[in-house]
Every structure is written in structure tokens, then in C-alpha cells.
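The values are calculated or read from the model by the stated rules, or taken from the named source; none is laboratory data. Computed from a predicted structure; not experimentally measured. We place every Cβ from the backbone using ideal geometry, glycine too, and count neighbours over all the protein chains shown. Note: accessible area is taken over every heavy atom of the protein model, side chains too, but ligands, DNA and RNA are not part of it. Shrake-Rupley method; radii C 1.70, N 1.55, O 1.52, S 1.80 Å.
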Amino acid sequence: MKVLVTGVNGQLGFDVCKELDRRNIENKGIDRESCDITDENAVSAYIKNYAPDVVIHCAAYTAVDRAEDEKEMCYNVNVKGTEYIAKVCKEIDAKMVYISTDYVFEGAGDTAYEINDNAAPNNTYGLTKYQGEEAVKKILSKYFIIRISWVFGINGNNFINTMMKLGESRSELNVVADQIGSPTFTCDAAPLICDIAATEKYGLYHATNEGCCSWADLAEYIFSVTGQNIVVHHIKTEEYPAKALRPKNSRLSKASLDNAGFKRLPDWKDAVKRYIKEKSGQKI
């Protein structure tokens with residue numbers, strides 16, 4: 001198997017390439033400088049030249065609030081870029097893995113979303129990721145769409161890093177407590193993505209770490225692990241103004257993994273603890 005990974009400088013793309021290396025699978029990670037995915041000709045030429053068996057598409061426009069002001073750029077990356085990659089995959093008969101998000105759902109109620117529940121994104125980022133999903137499904141039959149949420153990994157910034165940094169100078173913090181979801185440790189997700197990509201079990205999957213929490217719960221757990229004595233005030237979404245609406249319910253059912261015989265990821269607390277242990281020796 002020969003694999004091309006987009007978004008190698010992002011948290012997930014970085015760990016996917018590391019996992020492929022660990023498995024001695026030939027791979028190449030690309031970033032914006034090596035291949036601009038919004039340039040159809042460049043995408044076509046690059047992928048055809050490398051001729052992968054699988055493209056794992058981790059690259060995305062993920063600045064959720066800024067996307068409300070940069071709708072065209074967000075669309076070009078998340079929809080057109082994805083469409084261009086899917087078209088080349090079809091031409092060379094390669095599989096495609098498209099990484100998506102909990103933001104494709106509205107986030108109503110308190111039950112876990114199944115893979116085929118109606119999508120109703122309530123911000124530009126979520127809409128473009130859903131449109132990317134639809135493009136993949138329209139163009140390809142050999143595809144995997146894998147939705148993750150609340151991502152954290154060594155190679156990039158994330159909520160855990162932010163909390164640990166704020167904890168160095170603050171004694172109390174206001175953190176949203178009415179958005180519920182599951183963190184996803186890229187170090188855990190990457191092996192699962194590689195496992196899925198090696199099969200022909202095509203379709204949609206949800207792949208977050210097990211268990212659910214609020215952002216406030218997550219913050220409190222982070223501080224319990226780091227030993228930082230920070231008081232976390234639980235606030236409502238409406239008390240934390242943001243340009244883009246966030247889903248309050250980001251619970252994702254993992255029945256799709258069970259049905260296909262894939263192992264679920266470890267509990268989110270276990271993942272956070274391992275991440276902090278690995279990160280603690282580095283400057284944050």
C-alpha cells in the first residue's frame with residue numbers, strides 16, 4: 001500500500017504519517033507549500049505523479065470563527081479542494097479517506113448521532129465539511145468518511161494546550177459547560193484511520209475517544225492531571241460570545257465501528273492523561 005496524506009503539518013496528518021512510518025508503509029505527507037489543494041491542475045499533477053493507492057485527506061480550513069468572514073476561502077479548501085482530490089482518486093482508482101467533523105450536525109438533543117442522521121450544520125465550517133462529504137460520495141465508491149471531534153495532538157495548538165497555558169497565569173477560568181462531546185486524540189485516531197484505510201469496508205464512520213464531557217469538564221480534568229489549582233466556572237454558550245454557532249450536542253455513536261469490526265478508541269480521560277504526559281516535557 002502506498003499512501004498520500006494531506007495536511008501533514010496539522011495535528012492529525014502529522015500522526016497519520018508517523019503511524020504509517022511505524023507500519024513501514026510507503027507514504028508521503030504534503031502541506032500547502034508542496035501542493036495547493038485549491039489548484040485543480042496542481043492537485044491532479046501531484047497525485048498522478050505520486051500514484052498512491054490511498055489518499056488520506058486530513059487538510060482542511062478549520063478556523064471556525066474566521067470562516068464566517070472568509071466563506072469563499074473556507075469553501076475553496078473544504079469543498080473544492082476535496083472535490084479535486086476525489087476526482088483524481090477516481091481517475092487512478094485510489095481509495096480516499098476524508099476526515100470530517102461533528103459540526104455537520106445541528107447539535108440538538110442529548111442522544112448520540114448515528115452516521116446517517118440528518119446533517120444540519122449551523123456554521124460555515126460545518127456546512128463546507130458536509131459539502132465535502134457529499135462531493136466525495138458523489139464522485140467515488142471507494143471512500144471512507146471519518147468524523148472526529150474536539151481534536152488534540154502533539155503537532156499543533158488545541159484546547160488542552162490553551163488551558164495549560166492559561167493555568168500558568170490565572171487562578172480561575174470561565175469555560176462553556178453546555179456543549180457536550182468527545183475529545184479525539186490524534187495519536188489514537190491515526191492507527192484506526194490506517195486500519196480502516198487498509199480495508200474495503202467503505203462508508204461512514206464516527207471515530208472519537210470513548211466517553212463524553214463538556215468543555216468545562218475537560219478543563220477540570222486537565223487541571224487535575226497537571227496539578228494546576230484552577231477554579232473552573234461553568235458557563236452557558238450564550239455567555240461566551242463567538243462569531244460561529246457551535247453544536248451543543250456533539251455526541252457521536254460508534255456503532256459504525258462496531259458493525260465493521262473495528263476497535264473503539266480508548267476513554268477520553270486516558271487519552272488526555274497520556275497526551276499531557278507526552279507534552280509535559282515540551283514547551284507549550
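The convex hull around the C-alpha trace of the chain, projected and averaged over every direction, spans 14.2 square nanometres.
The listed residues Trp215, Trp268, once ranked by accessible area (1.4 Å probe) with the largest placed first, stand as Trp215, Trp268. Just checking the listed ones, Glu106, Glu40, Glu91: in the Gaussian network model of the chain with Cα springs under 10 Å, the one fluctuating most is Glu91. Between Lys165 and Glu40, residue separation times 0.36 nm minus the direct Cα-Cα distance comes to 41.0 nm. Report the FRET efficiency, 1/(1 + (r/R0)^6), for Asp178 and Val231, where r is their Cβ-Cβ distance and R0 is 22 Å, rounded to 0.05. The calculated FRET efficiency here is 0.75. Using a Gaussian network for the chain with springs between C-alpha atoms less than 10 Å apart, which of these wobbles most: Thr208, Thr162, Thr237? In the Gaussian network model the winner is Thr162. Share of carbon and sulfur in the accessible area of the stretch 119-228 stands at 49%, probe radius 1.4 Å. Comparing Ser256, Ser214, Ser224 in a Gaussian network model of the chain, where Cα atoms under 10 Å apart are tied by springs, the biggest mean-square fluctuation is seen for Ser224.
Solvent-accessible area per residue in the chain equals 45 Å², computed with a 1.4 angstrom probe and all protein chains kept.
Each of Val175, Gly109, Ile139 was scored by the projection of its Cα onto the charge dipole of the stretch 100-210, and the greatest displacement toward the positive side belongs to Ile139; charges sit on the C-beta of Lys, Arg, Asp and Glu. Listed by chain and number, the lysines whose alpha-carbon sits under 21 Å from that of Lys28, ignoring those within fewer than 8 places in the same chain, are Lys2, Lys18, Lys48, Lys87, Lys90, Lys95, Lys142. About the centre of its Cα atoms, the chain shows a dipole size close to 560 debye [charges on the beta carbon of Lys, Arg (+1) and Asp, Glu (-1) only; nearest 20 debye].
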